[in-house]
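Report on the following structure.
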Amino acid sequence: AIVWDEYLTGPFGLIAQYSLLKEHEVEKMFTLKPGRLPPADVKNIIFFVRPKLELMDIITDNVLREDRGRSPQRDFHILFVPRRSLLCEQWLKEQGVLGSFIHREQYSLDLIPFDGDLLSMESESAFKECYLESDQTSLYHAAKGLMTLQALYGTIPQIFGKGDCARHVANMMIRMKREFPGSQNSIFPVFDTLLLLDRNVDLLTPLATQLTYEGLIDEIYGIQNTYVKLPPEKFAPKKQGEGGKDLPTEPKKLQLNSAEELYAEIRDKNFNAVGSVLSKKAKIISAAFEERHHAKTVGEIKQFVSQLPHMQAARSSLANHTSIAELIKDITTSEDFFDNLTVEQEFMSGIDTDKVNNYIEDCIAQKHPLIKILRLVCLQSVCNSGLKQKVLDHYKREILQTYGYEHILTLNNLEKAGLLKPQTGGRNNYPTIRKTLRLWMDDVNEQNPNDISYVYSGYAPLSVRLAQLLARPGWRSIEEVLKMLPGPHFEERQQLPTGLQKKRQHGENRVTLVFFLGGVTYAEIAALRFLSQMEDGGTEYVIATTKLINGTTWIKSLMEKLEPAPF
């Protein structure tokens, strides 16, 4: 039997479904929780857990409550994901249960494939650990993951990076390579370039509302390990004359990845361009079903029947996405969504970033969700290279008086992370950065985009712009701006064994792996996929990250959960 740390079930589900584990003699699966372990007629019980102390307490409880008198006795084993922890083992030892575990191992789960061009470590606290707690464990795991990738797909000849964490990861990779000379492999390199980017080089992008189809699904409903849970009433099969008396109450769970043809086509489009694609598809599908009336001969009928499963899958896929699009449209056409977006776009294009914003004040007064407020205030701060002390104090006071003083720690965390801070040196660098990197485009074409700024309807993600400029004409052209962004920028070359250097064929694309340290949003992924598909782009991108994030999950990871005082 396997006892799962609940957070790990999602990522592991992408690698090994329950059916596969069953074939390998896993009889039962339980979620880790305090109390006695459920009865199961098994010889071995394996705990799969992250090395966190609060989980060790639960395991201790499970082990101590095990009935030692029962026969046959069950053996315990523990697997730490992704690394063993001395602290946890010491803790178990002090509780007197360490000896109960026959095997104590680690399962190094570094990069998990989410899609054909997307890998994630799903380490939710990586950003907080690196920037608030100066804990670089996740960077070590990132370096390990990249070493594994190189062992499988060849040494990556060029490494570029920007940011302190990027520098740290590159140093660890170079050192690991030196320490394991045997890791020189004779595999022809798949990747030409690795680009390491710190999340704090571009704090702006995740704060803005993503406007691609996939980005909006994530903003509104949250995508977890490629699955989304949606309100069920839109998906109830409509039967005649029943008058919807038994509506489903369980949320509808759908898997979203590019294995689904329609989703692969619309996921990265701006939401305003999705409707027309869906209606076109609807016409094509109903025309295909009409064909059956024209099928006369046995051969034609047979041909039609052979296409039926594919057509039915396409029809149900279309029905699902039409429902999701309707749900999203209800929100994007609301007044509040529009007001919020207008303020975001004003900040990003540099309008009124230096004074207290009326809309934000109104939202605080109406006690809108705190995360929404924090996203806007942080966005304003980032677009102004920090706020004037007077403005900052005003916001802080309003937030604390409305939402409670326990949030003072959260505000402190946001300041430490550089998201909400006073302007130092009295200079706002953002306009220079915006103009040099063309981060704001006034004439954005959402239907047939010609620039990455379509993913935010006007704002081009800074991180992706850096990747784009690195490919052409190179970072030398933007030295001045790079100096304004936090952390060093650097380039390393890794020697390839003779005979493995690439001779580029004419018209052959370069492949760049972009690794976001601290998280990446679906809109940035969409922008990189857009660059991969550009006719004259010449570069294909594969994306890796410590975690898939959006503004809400990101801010949430920086919030301190303090229980308000009981009096």
Rounded to the nearest 0.05, FRET efficiency between LEU86 and ALA259 (Cβ-Cβ, R0 30 Å) equals 0.15
Reachable lysines, given that their alpha-carbon falls under 17 Å from the alpha-carbon of LYS177 and they are not under 8 places away in the same chain: LYS144
Give the residues of segment 215-233 whose amide nitrogen is closer than 19 Å to a point set 7 Å from the Cα of GLU6 in the direction of its Cβ. 222-230
Heavy-atom accessible area per residue of segment 2-109, all protein chains kept, 1.4 Å probe, expressed in Å², is 56
Potential lengthening between ARG315 and LEU400 on full extension [0.36 nm per residue; Cα-Cα distance subtracted]: 25.6 nm
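How much length is gained on full extension from THR436 to ARG510, taking 0.36 nm per residue of separation minus their Cα-Cα distance?
Contour length minus Cα-Cα distance gives 24.1 nm.
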Of all accessible surface on segment 335-473 at a 1.4 Å probe, what whole percent is carbon and sulfur? 49
Where the centre of each part is set by its Cα atoms, how far does segment 312-373 sit from segment 259-287, in angstrom? 22
With a Förster radius of 51 Å, plug the Cβ-Cβ distance of GLN303 and ILE371 into 1/(1 + (r/R0)^6) and report the FRET value to the nearest 0.05. 0.40
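Probe radius 1.4 Å, ligands and nucleic acids ignored: give me the carbon and sulfur share of the accessible area of segment 66-151 as a rounded percent.
Using a 1.4 Å probe with all protein chains present, segment 66-151 comes out at 49 percent carbon and sulfur.
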Multiply the residue separation of LEU21 and THR342 by 0.36 nm, subtract the distance between their alpha-carbon atoms, and state the gained length in nm to one decimal. 110.6 nm
Just grab the label-to-label distance for MET534 and ILE187, each label 7 Å out from Cα along the Cβ direction, in nm (one decimal). 3.0
Where labels lie 7 Å past Cα in the beta-carbon direction, separation of ASN412 and HIS77 in nm: 4.4
With DSSP loop assignment and no more than 12 other C-beta atoms within 10 Å, the trypsin sites (Lys or Arg not before Pro) in segment 61-140 are ARG65, ARG68, ARG70
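The values are calculated or read from the model by the stated rules, or taken from the named source; none is laboratory data. Here the structure is a predicted model, which means the values were calculated and not measured. Cβ coordinates were reconstructed from backbone atoms using ideal geometry, including for glycine residues, and neighbour counts include every protein chain displayed. Surface areas here come from the heavy atoms of the whole protein model, side chains and all, with no ligands, DNA or RNA. Shrake-Rupley method; radii C 1.70, N 1.55, O 1.52, S 1.80 Å.
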